[in-house]
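The values are calculated or read from the model by the stated rules, or taken from the named source; none is laboratory data. Just so it is clear, the structure is predicted and the values come from calculations on it, not from any experiment. Counting neighbours? That spans all protein chains shown, and the Cβs are built from the backbone with ideal geometry, glycine included.
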Amino acid sequence: MGKPEPNFHFKLMSFSYKFRDIFSPRKNILKEVGIKAGFHVLDYGCGPGSYIAAAAELVGKSGKIYALDIHPLAIQMVQNIASKKRLTNVKTICSDCRTGLPDSSVDVVLLYDIFHDLNDPNGVIEELHRVLKPEGILSFSDHHMKEDEILSKITSNGLFRLLKKGRKTYSFLKKE
């Protein structure tokens, strides 16, 4: 990822997301992905944790949510959400690329509105491919990018292929 935003900018962004989430609940977006009970989901670039509660509900107690971000405030906010909502299936990871997760351990990766800001997008794509299980899904959205750019950047290295385009997200299937 890029450098962490200054705390003021991060807090302002987090505040604006609260309004966005009222009009466009994150659970509706996650429904496109097909997350099921027992899944392990990585929210890569989780920010203030907009998707955490909805994803934790979808995976249930037998599933796991990994929330990764470069910004310590993001990690703290996710931990606060998990604590308040008593989400025992949420683990935070403070990192700028590497997840520290085992190979082929994740069913779905959420890569939402962060790709345009990555310092090493190819390194991130390789890391996400590594941690995804065979037939794992990379759910992608970035309103800063056009469709042809998204398709090119995610599929050009041969690690993923487009599975489907939803209303709000693109689903890419891990290739072996």
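Results, tabulated for the structure shown:
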{"quantity": "Residue list for the stretch 154-176, restricted to those being without any contact (Cβ under 8 Å) to a residue 24 or more places away in the chain and of a type outside the set (Lys, Arg)", "calculated": "155, 156, 158, 162"}
{"quantity": "Strands (runs of 3 or more DSSP E) wholly inside the stretch 61-120 that include at least 3 residues being touching a residue at least 24 places away in the same chain (Cβ under 8 Å), among the aliphatic types (A, V, I, L, M) and buried (at least 20 other Cβ atoms within 10 Å of the Cβ)", "calculated": "64-69, 106-112"}
{"quantity": "Of the criteria (1) in contact with a Cys (Cβ under 9 Å, 6 or more places away or on another chain); (2) closer than 19 Å to residue 53 by Cβ, which one residue 124 fails", "calculated": "(2)"}
{"quantity": "Among the residues listed as 128, 151, the single one being surrounded by 21 or more Cβ atoms within 10 Å (Cβ to Cβ), in contact (Cβ under 8 Å) with a residue 12 or more places away in the chain and part of a helix (DSSP H, G or I)", "calculated": "128"}
{"quantity": "The stretch 43-56, residues that are modelled with pLDDT under 95 and of a type in the set (Asp, Glu)", "calculated": "none"}
